[in-house]
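Okay, structure first, notes after.
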Amino acid sequence: MQKPKNLRSLDVKAFAKARTYLEGETPIAELERLAQDCVGELTGHVVWSLQGAVEPDASGKDAIWLHLEANATVPLTCQRCLHPVSAELLIKQDFRVVADEATAVAEDDESEEDLLVLEDHFDALALIEDELLMALPLVPMHPTCLSERVPTSKEEEAILAESKPNPFAVLASLKTRQH
Ligand SMILES: [Zn+2]
């Protein structure tokens, strides 16, 4: 099986029937919607794998499946101290591919797996990005913010003092959140 040229234009049926396995790394900066939620310089990658398969569905009929795994560590803003906080996103999701939107709507409630509508030019990278966006923490936060840690030395005291939220940064954050 030839490696599909473009993850953004996948023939899902052929991909699954050939039981293709693909893995790769995509810079977070290339996923625009995800990058918008991140702060600072984006140097990280999303590590992903996609396995196509033909396997029975719950009723025993052969169906087309995509098994997706992805992980990424993204820099977000801690909502308590407004300093950067890393969030690790781990995705492991099974998708069953159905013929059309009507089938997807009809079967969605009783399916444990997620349903996708069959496309000849399926954007698998957008699917990976959708899953990562859904895995983002609603309120990113340090388990313990630097400013709340009790300093154990003079040196650490200085670091902690510097990490106190800057009131101007707080204001700026409030403004951007209104948009
Ligand atoms: Zn914090």
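Is there a residue in region 30-45 that is assigned to a strand (DSSP E or B), away from the ligand (no atom under 16 Å from the Cβ) and under 12 Å from the mean Cα position of the chain (by Cα)? Explain how you work it out, then say what you get.
Applying the first criterion (assigned to a strand (DSSP E or B)) to region 30-45 yields 45.
Cutting the leftovers down to away from the ligand (no atom under 16 Å from the Cβ) gives us 45.
If we keep only those that are under 12 Å from the mean Cα position of the chain (by Cα) too, we end up with 45.
Yes; the residues of region 30-45 include at least one that is assigned to a strand (DSSP E or B), away from the ligand (no atom under 16 Å from the Cβ) and under 12 Å from the mean Cα position of the chain (by Cα).
Among the listed residues 58, 63, identify the single one that is open to solvent by 20 Å² or more (accessible area, probe 1.4 Å) and away from the ligand (no atom under 16 Å from the Cβ).
The conditions single out 58.
Select from region 140-155 the residues that are within 16 Å of the ligand (Cβ to nearest atom) and part of a helix (DSSP H, G or I) and write down the one among them that is most open to solvent (accessible area, probe 1.4 Å).
148
Go through region 66-80 and give me each residue that's over 10 Å from the mean Cα position of the chain (by Cα) and within 16 Å of the ligand (Cβ to nearest atom).
Correct list: 75, 76, 77, 78, 79, 80.
Open to solvent by 20 Å² or more (accessible area, probe 1.4 Å) and over 15 Å from the mean Cα position of the chain (by Cα), is that true of residue 83?
yes
Can you name the strands (runs of 3 or more DSSP E) wholly within region 56-125 that have at least 3 residues being touching a residue at least 24 places away in the same chain (Cβ under 8 Å) and within 25 Å of residue 136 (Cα to Cα)? Talk me through it step by step, then tell me what you get.
Details: elements: 62-77, 84-98, 114-117.
Per the criteria, 62-77, 84-98.
Just for region 15-33: of the residues that are out of contact with any Leu (no Cβ under 9 Å at 6 or more places or on another chain) and not basic (Lys, Arg), which one is surrounded by the fewest Cβ atoms within 10 Å (Cβ to Cβ)?
Going through region 15-33, the residues out of contact with any Leu (no Cβ under 9 Å at 6 or more places or on another chain) turn out to be 17-19, 25, 32.
Applying the additional criterion that residues be not basic (Lys, Arg) yields 18, 25, 32.
On the way: 18: 13, 25: 10, 32: 8.
That would be 32.
Do we find a residue being surrounded by fewer than 16 Cβ atoms within 10 Å (Cβ to Cβ), of a type in the set (Asp, Glu), closer than 27 Å to residue 12 by Cα and modelled with pLDDT under 90 anywhere in region 117-139?
Yes - at least one qualifying residue is present in region 117-139.
List the residue pairs whose Cβ atoms are under 8 Å apart, where the first residue sits in region 137-158 and is among the aliphatic types (A, V, I, L, M), the second is modelled with pLDDT of 70 or more and open to solvent by 60 Å² or more (accessible area, probe 1.4 Å), and the two are 6 or more positions apart or on different chains.
If the second residue must be modelled with pLDDT of 70 or more and open to solvent by 60 Å² or more (accessible area, probe 1.4 Å), the pairs left are 139/79; 141/79; 141/80; 146/83.
The values are calculated or read from the model by the stated rules, or taken from the named source; none is laboratory data. This one's a predicted model, so the numbers in the text were calculated from it and none came from an experiment. Every residue, glycine among them, receives a Cβ derived from its backbone with ideal geometry; neighbour counts consider all protein chains shown. What goes into the accessible areas is simple: the full protein's heavy atoms, side chains included, and nothing from ligands, DNA or RNA. Shrake-Rupley method; radii C 1.70, N 1.55, O 1.52, S 1.80 Å.
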